[in-house]
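Reviewing the structure listed below.
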Amino acid sequence: MGAAHNSRFRCKRAKMAKQDYYATLGVAKDASADDLKKAYRKLAMQYHPDRNPGDKKAEHRFKEVSEAYDILKDDQKRAAYDRFGHAAFEQGGGGAGPGFGGFDFSASGDLSDIFDQMFGMGRRGGGQRTRSGADIRQGVEISLADAFAGTKVNLRVPTRVKCESCNGTGSEDKNRAAETCPTCQGAGKVRTQQGFFLVERTCPTCAGQGRVIRNPCRVCQGAGTVQRERSLQVAIPAGVEDGTRIRVTGEGEAGGAGAQNGDLYVHVGIRPHEFFQREQANILMRVPLRMTQAALGDEIEVPVIDGTRAKVKVPAGTQTGDQFRLRGKGFSVLRSAARGDMFIQVAVETPQNLSAKQRELLEAFEAEAHAGGKGSPDHEGFFAKVAAFFEGGRG
């Protein structure tokens, strides 16, 4: 019993030792509401746990400051405190409650919410909320020639547009549109007590909008927007690459009740070309040559991506894989007047389905080439090394 008595005595002493709320904030008892707020902001910033990580003394001090301000900022609580002191809020008498000074770390809260409550910082636009229109994503496929020159594409976009009947207000009565939600007072959220915690949820009355419409528009049912398919022309710049995303600001869905529109994102795909292969700003084209063209030399004409033609001189003795460069005949560079280069890659084609005369001529050519031994230096050099390899006993 003595131990229990001592425990109760220590508890009473702890309560008696609680610092005066005015002294905690460092203000006089006749301090104005503005003076209380200034004192609290200064101390809360100084002792906030995020500014003093791991400092238990600072955390305790922050709780004391927050508790004091939570009582003194409320006229009724302040009057009770001035009359009865701390006893007015003991044994369920309406104390500061969970959290720090009424600024709860609720289930849906984060640090920006807390600072917004405490100091008017964090998210802007509190109170009544407007919901911006959704973004729209649309794909379009163009030819390589259109990607080179740039083009304009016509799109039919399923979207939501402003309701003409209510001019986007959502109200049947254009002179009396949305009103402040009576449940959340325009905040868009409501708080409920769950044990020690305050839980913040979207307001069920206004669905987080902070406003309610008493007489909804019969056409859009109060949404301020209606479903439509809209025609739109979008410019594709010259030099665009496959997979590019083009943003068209404000061409997405209309925002509800006069809020800003969303954006349209156009994803560009480029069809393969029968001749040209693009490599960034350059173009590669594979050109097959007859064996005689490659051996004797020739001049060939090739197409260019801009619709013109170019002549390429093929020197005698050209081999498969040789490349010829045409400067400035390549692809457009995005947002620039420059162009890349075009590379002609040669592939020497071996003749097939020979006639008797062709076979006879080739056999004569082969006999003479073998006798001379200088017509095909790579061939002769390779098989000379092979012969040396076998003679060395490595075979």
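The values are calculated or read from the model by the stated rules, or taken from the named source; none is laboratory data. Since this is a predicted model, take the numbers as computed values, not measurements. Here the Cβ positions follow ideal geometry from the backbone for every residue, glycine too, while neighbour counts run over all protein chains shown. Note: accessible area is taken over every heavy atom of the protein model, side chains too, but ligands, DNA and RNA are not part of it. Shrake-Rupley method; radii C 1.70, N 1.55, O 1.52, S 1.80 Å.
Over all distinct alpha-carbon pairs, what is the Kirkwood Rh of the stretch 190-275 in angstrom?
Kirkwood hydrodynamic radius for the stretch 190-275: 17.5 Å.
At q = 0.13, 0.14, 0.22 Å⁻¹, what log₁₀ I(q)/I(0) does the stretch 325-395 have when each alpha carbon counts as one equal point scatterer in the Debye sum?
Those come out to -0.72, -0.75, -1.01, one per q.
Roughly how many percent of the accessible protein surface of the stretch 249-322 is carbon and sulfur, given a 1.4 Å probe and a whole-percent answer?
46
Counting just the Cα atoms, what span does the stretch 273-344 cover along each of its three principal axes? Round to the nearest Å and put the largest first.
Over the stretch 273-344, Cα extents along the principal axes are 44, 19, 18 Å.
Could you sort out which of LYS42/LYS77; LYS152/LYS311; LYS63/LYS189; LYS311/LYS385 sit more than 28 Å apart by Cα distance in this structure?
LYS152/LYS311; LYS311/LYS385
Per residue, how much accessible area does the stretch 283-333 have with a 1.4 Å probe, in Å²?
Per-residue accessible area for the stretch 283-333 comes out at 59 Å².
Which of the trypsin sites (Lys or Arg not before Pro) across the stretch 16-65 are loop residues per DSSP, with 14 or fewer other Cβ within 10 Å?
Sites meeting the loop and neighbour criteria: LYS18, LYS29, ARG51.
P(r) of the stretch 18-93 in 5 Å steps, Cα pairs, percent per bin?
3, 17, 28, 22, 16, 10, 4, 0
Need one value: the accessible area of VAL348 in square angstrom, 1.4 angstrom probe, rounded to the nearest 10.
VAL348 has an accessible surface of roughly 50 Å² with all protein chains in place.
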